[in-house]
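Report on the structure given below.
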Amino acid sequence: MKAIKAANLGVLFLIELGALAAVSYWGFTRDVATALAWLLGLGAPTVLIVLWALFGSQKASYKTRGAVRVGFELLWFGAGMAALFAAGAMAWALAFAAVCAVSKTLAVIWRQ
């Protein structure tokens with residue numbers, strides 16, 4: 001069971017990175033001028049990184065707990081899923097949402 005819990009911690013980290021990759025993919029795939037696509041592709045994940053540093057990380061300036069934490073994580077991972085949907089990657093968006101739901105549920109059950 002210890003190995004499964006450790007694996008889930010790895011999955012949690014990977015879905016955090018997945019949300020960043022998803023919003024970056026969304027930005028770079030917009031049908032806009034190249035400079036704007038670069039701005040969106042690099043700017044969107046930068047916004048998420050700043051939000052994670054302020055509210056989501058272990059060393060966050062503003063710790064979130066309870067319902068506020070749940071809301072923050074819904075927005076964070078929801079942004080990744082929404083970005084994939086907006087980019088036309090419907091199957092990836094559904095797979096990302098499913099992995100997030102299972103991993104976060106296990107994290108709550110196991111108090112990770």
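The values are calculated or read from the model by the stated rules, or taken from the named source; none is laboratory data. In this text the structure is predicted, and so the values were computed from the model without any measurement. Glycine gets a Cβ as well: all are built from the backbone with ideal geometry, and neighbour counts include every protein chain shown. These area figures cover heavy atoms from the full protein model, side chains too; ligands, DNA and RNA do not enter into them. Shrake-Rupley method; radii C 1.70, N 1.55, O 1.52, S 1.80 Å.
Say whether the condition of being in a loop (DSSP other than H, G, I, E, B), modelled with pLDDT of 95 or more and of a type outside the set (D, E, K, R) is met by at least one residue in the range 88-97. The answer is yes; a qualifying residue exists. With respect to the conditions (1) among the hydroxyl-bearing types (Ser, Thr, Tyr); (2) under 28 Å from Val68 (Cβ atoms); (3) modelled with pLDDT of 95 or more, Thr34 falls short on a single one, namely (2). Test Arg111 against the stated conditions and say whether it is in a loop (DSSP other than H, G, I, E, B) and out of contact with any Ser or Thr (no Cβ under 7 Å at 6 or more places or on another chain). Criteria met by Arg111.
Return the only residue of Phe77, Phe55 being surrounded by 12 or more Cβ atoms within 10 Å (Cβ to Cβ), in contact (Cβ under 8 Å) with a residue 24 or more places away in the chain, part of a helix (DSSP H, G or I) and out of contact with any Gly (no Cβ under 6 Å at 6 or more places or on another chain).
Within the list Phe77, Phe55, the selection yields Phe77.
Is one or more of the residues making up the range 22-45 out of contact with any helix residue (DSSP H, G or I) (no Cβ under 7 Å at 6 or more places or on another chain), of a type in the set (D, E, K, R) and surrounded by 13 or more Cβ atoms within 10 Å (Cβ to Cβ)? No, the range 22-45 contains no residue that is out of contact with any helix residue (DSSP H, G or I) (no Cβ under 7 Å at 6 or more places or on another chain), of a type in the set (D, E, K, R) and surrounded by 13 or more Cβ atoms within 10 Å (Cβ to Cβ).
Is it the case, given these coordinates, that Tyr62 is under 17 Å from Ala83 (Cβ atoms), of a type outside the set (Asp, Glu) and open to solvent by 70 Å² or more (accessible area, probe 1.4 Å)?
On the way: under 17 Å from Ala83 (Cβ atoms): no; of a type outside the set (Asp, Glu): yes; open to solvent by 70 Å² or more (accessible area, probe 1.4 Å): yes.
When the stated conditions are applied, Tyr62 does not pass them.
Can you pull out the residues in the range 7-21 that are of a type in the set (Gly, Ala, Ser) and either surrounded by 15 or more Cβ atoms within 10 Å (Cβ to Cβ) or over 21 Å from Ala93 (Cα atoms) (or both)?
In the first step, residues of the range 7-21 are kept if they are of a type in the set (Gly, Ala, Ser); the result is 7, 10, 18-19, 21.
Listed by number, the residues that qualify are Ala7, Gly18, Ala19, Ala21.
Among the residues of the range 2-39, those that are basic (Lys, Arg) and more than 23 Å from Ala86 (Cα to Cα) comprise Lys2, Lys5. Of the residues in the range 84-104, not one is out of contact with any Lys or Arg (no Cβ under 7 Å at 6 or more places or on another chain), open to solvent by less than 60 Å² (accessible area, probe 1.4 Å) and over 20 Å from Ala22 (Cβ atoms). Remark: Phe72 falls outside the filter, which requires a residue to be of a type outside the set (Asp, Glu), surrounded by 13 or more Cβ atoms within 10 Å (Cβ to Cβ) and touching a Cys at 6+ places or on another chain (Cβ under 7 Å).
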